[in-house]
Amino acid sequence: MKLFLSIITVIFLFFTPVLEAQQQPFIFTLYGGLFLPSNQQFRSHAQSSSDIIWGGGICLPFKSSLYAAGDISFFRAKAVVESQTDSSIELFERFIHIGIINKQILSGNVFIRLSGGLSYVSVKQTISSFRTPEKSIEADKKLGYYGGIGLEQPLDEEGHLSIFGDVVYDYRRSQQKQLYGDFGGIRIVFGVHLFMF
């Protein structure tokens, strides 16, 4: 966690002078969509390959087409493992992304978005039933990475609001015996950018 906080601090210290010089807008982001977790064990228990993910963040422009971006998102899914004993398993993942977004004009006022950077993923799995007390396991704390591609379109001429859609891949592997494997996945999200000038 200390390493992650150090990386965040360095990124924002690096970008702050450029941001002040250009006086570009500060951008709020909200999004939601589907997350397809990579963890095979959970997918076999849940009998489903996706569930809802949602999140929000900020973007700070430092060039005409390049943005520093940070966001936090949440995924929680629950599955019944055995109906007779009311046994269930719940997977909770929190993703923190720090990276960049590069936007280029694709056609007219539609932009193509390329994003990537570091991620810090918290993973918690909870198993419960009416016969046994609830038991939670947390994965080891590690950094991962992410990358994505999407489209964005402004909704007004003043450029205060835009909508976007992204496909993002998160990679985060756990070596912990109780929670072994890949706890990243693919997300398909739609969201809005609110530009604060």
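Rule-based calculations on the coordinates, nothing more; no lab input. None of these values were measured; they are calculated from a predicted model. Cβ coordinates were reconstructed from backbone atoms using ideal geometry, including for glycine residues, and neighbour counts include every protein chain displayed.
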Within region 139-161, count every residue that is free of Cβ contacts under 8 Å to residues at least 60 places away in the same chain, under 14 Å from the mean Cα position of the chain (by Cα) and surrounded by fewer than 17 Cβ atoms within 10 Å (Cβ to Cβ). 3
Could you list all residues from region 111-138 that are in contact with a Leu (Cβ under 6 Å, 6 or more places away or on another chain) and free of Cβ contacts under 8 Å to residues at least 60 places away in the same chain? ILE112, ILE137
Tell me yes or no: at least one residue of region 87-103 is at negative phi and exposed (fewer than 14 other Cβ atoms within 10 Å of the Cβ). no
Filter region 138-167 down to residues that are over 11 Å from ARG113 (Cα atoms) and assigned to a strand (DSSP E or B), then give me how many there are. 9
Among the residues of region 168-184, which ones are assigned to a loop (DSSP other than H, G, I, E, B) and without any contact (Cβ under 8 Å) to a residue 60 or more places away in the chain? ARG172, GLN175, GLN176, LYS177, GLN178, LEU179, TYR180
